[in-house]
Each structure stands twice: as structure tokens, then as C-alpha cells.
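Since the structure comes first, as C-alpha cells, the remarks are kept for the end.
We did not get these values from a lab; they are worked out from the coordinates using the rules stated. Fair warning: this is a prediction, and the values are worked out from it, not measured in the lab. Note that we place each Cβ from the backbone using ideal geometry, even for glycine, and neighbour counts take in every protein chain shown.
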């Protein structure tokens with residue numbers, strides 16, 4: 001009995017009174033608060049009714065990262081309050097039970113990354129979240145099949161990377177724009193062909209194998225807006241079978257990564273290259289770009305590097321200069337030097353433009369998906 005009492009006394013519990021005191025110490029009115037940040041206070045538990053509608057009528061966003069919470073219980077929020085929340089962020093805790101979320105039917109963003117979630121009945125927990133647009137469950141202990149119920153058809157961002165999942169079922173919905181499912185146990189590419197607006201698909205570090213091009217084409221032919229595909233570090237054995245299946249996405253696919261698959265050899269040194277030159281099933285890493293561009297001519301980034309192209313105009317110019325060189329030795333030397341300089345400058349300009357474009361996209365993507373940066377005019381940070 002004494003040990004239990006001592007454990008309870010040592011617990012750091014977030015109470016309603018504590019929140020109110022902190023709000024008053026900041027000269028704020030609780031009825032004006034729209035966001036509360038309870039991060040980094042080493043909290044073990046949310047007290048019953050630490051949030052209620054009458055005290056926080058405008059509260060819509062709760063951030064409670066980097067604590068030791070194990071349970072999200074509806075008793076801590078109250079039924080009426082749960083229905084007002086739109087943004088819930090509980091990353092880096094010890095959560096194993098999040099049953100409270102099933103009543104947050106106004107929720108648009110839910111982040112439960114870096115927790116201990118193992119049992120997650122998505123059909124039960126998510127079926128009422130008809131307004132949910134972004135779901136982050138990465139770095140948990142989820143396993144088996146993960147299903148998105150049809151009620152979540154507003155969902156556009158799904159992040160489930162770094163789990164133990166082997167199946168992803170998103171056939172009940174059709175509005176996903178981004179799927180991140182790297183570092184799981186998928187043996188095949190999930191069927192995502194109904195998500196015609198899909199822009200990013202990340203499936204690196206799985207166990208994916210590909211049998212034939214037709215099976216890939218069925219998945220990718222309708223994904224005409226797919227911009228990024230990451231299949232790095234899987235079990236794909238034939239590069240051209242993969243590329244044949246991806247031809248339907250050739251107009252928009254700008255970023256592809258396939259490094260770390262069995263068919264790919266990284267050129268560490270010349271001896272390593274020579275060692276594998278007779279192996280028909282493997283392709284030297286430096287040759288992959290040339291092959292990829294035959295099928296996907298609009299690639300800008302391949303295996304995390306800018307694609308280097310030589311303009312046809314430069315090739316033609318080189319041939320003309322070679323013809324002229326046969327007539328005058330002096331002219332040949334001068335012209336060839338100029339052509340080489342122009343060629344280098346042109347290629348450098350192309351590379352610079354590609355890099356600038358890539359950096360702009362990265363900045364825009366961060367702004368779009370980095371939900372941690374959402375702010376409000378009336379918010380409060382609770383300290384230890």
C-alpha cells in the first residue's frame with residue numbers, strides 16, 4: 001500500500017487548477033485561449049476533467065509532446081470538449097491507449113508519433129473522424145494490417161513509417177496526397193491506384209518484391225500527379241521491369257530513388273566495378289540514370305542527386321566545331337576551347353536551376369506538412 005501511495009505522490013499530473021494558474025500568470029483569460037502547449041513538462045498523467053468546455057470555450061489545439069503520458073482517456077477531456085478539438089499533438093510520449101480520440105469528430109490533424117502504440121483498431125478509433133486530413137503514427141509498434149475506414153475520406157497525409165506493418169489498406173478512400181510508409185515489413189507495393197492526386201509515396205526500407213511490369217502498371221498508371229517515389233532498400237531485382245510499370249507516371253514523376261536494391265551496385269572503386277561487370281542481373285550505379293531517363297524523361301532528382309543532362313544543342317555544336325576544325329588548326333583550338341567553356345557553363349546553369357527548384361520545393365513542402373509550426377493569436381505554454 002505504501003509503495004503505491006508513494007508512486008502516486010511522485011507522479012507529475014497535469015491538473016485543471018495548474019493550467020488555470022499558468023494562464024493567469026501570463027495575464028490571459030482562459031476563455032480566449034485557442035491553443036495550449038503542455039510539452040516538455042515531464043508529465044505522467046492528465047487529471048480527470050483537466051480540460052472542460054466552460055473554462056476553455058475557444059480551445060481547439062492541444063500540444064503535449066515530450067512527456068511520459070501512457071493513456072489518453074476521455075475522462076480528461078469531457079465529452080463536450082472532445083468534440084471541439086481540431087488539432088491534437090502528443091508525440092514522444094509512452095502512449096499505449098488513445099481511446100479518447102474516437103470522439104474528436106472535428107479533428108483535422110492527429111499526431112501520435114514516437115509512442116508505444118501496438119494495438120490500434122483504426123476502424124473503431126478513426127471512424128468518427130470525418131474531418132481528419134493529416135494522421136501521423138510513425139515510430140510506434142503497430143503491426144499487421146493498417147486500414148483507413150471509408151469515413152476518413154478527407155485524409156490527405158498519412159505517415160506510418162517505422163512500425164512493423166505488413167499490409168496497408170487505403171482502398172476505402174481516394175484523396176491521399178502523401179503516404180509515408182518506410183521502414184515497415186511490406187512485401188508488395190500497396191494498392192493506391194484510386195488516389196489519383198497522390199503526390200508522394202515513400203516505401204523505403206521494406207521487403208518489397210516485383211513480379212512483373214503489369215502488376216506495377218495497375219497501381220501506377222492512374223497516378224498522373226505522382227512527383228516523388230522512394231523505393232530504396234527493398235528486394236526489387238529487376239530495374240527495367242519496375243520502369244516499364246512506371247511509364248504511366250512519366251510526365252510528373254520528378255524524384256525517384258531505388259538505391260539499395262539487389263540490382264544496384266554502388267561504384268565504390270574501380271575494382272568493385274570490374275568484379276560485377278559479368279553479372280547481368282546487376283547494374284552499375286552510374287548507369288542507372290541513363291536507363292531511368294529512357295522511361296522517365298522528366299526526372300530531375302534520381303537517388304537523391306540532381307540528374308545531369310547534356311543538351312542536344314551542345315552535342316550538335318560540338319560536331320559542327322569538329323568539322324570546322326579540319327580546315328583551320330588555329331580556329332580549331334580556339335573554337336574547341338570556347339565550346340568546352342560554354343558547355344561547362346551551360347551544364348552548371350542547368351544544375352544550379354535544378355538545385356534552386358529542388359530547394360524551393362523542399363521549403364514549400366516543409367511549410368505545408370510541418371504541423372509543429374502552426375500558431376495562434378491566443379496560445380499558452382505551460383512550463384514545469
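With R₀ set to 41 Å, the beta-carbon distance separating residue 79 from residue 224 gives a calculated FRET efficiency near 0.40. In this rough spin-label picture, where each label sits 7 Å from Cα along the Cβ direction, the residue 54-residue 154 distance is 2.9 nm.
Suppose R0 equals 25 Å. What FRET efficiency, 1/(1 + (r/R0)^6) with r the Cβ-Cβ distance, do residue 147 and residue 209 give to the nearest 0.05? Efficiency, rounded to the nearest 0.05: 0.65. Length gained on full extension, residue 42 to residue 305: 90.6 nm, using 0.36 nm per residue less the C-alpha separation. Paramagnetic label reach from residue 99 (point 7 Å along Cα→Cβ; backbone nitrogen cut-off under 17 Å): within the range 110-134, residues 117-128. Available extension along the chain between residue 247 and residue 131 is 38.3 nm, counting 0.36 nm per residue and deducting the alpha carbon span. Estimated at 0.36 nm per residue, the fully extended path between residue 191 and residue 172 surpasses their Cα-Cα distance by 5.7 nm. Between residue 240 and residue 26, the modelled labels are 6.2 nm apart [label points 7 Å from Cα along Cα→Cβ].
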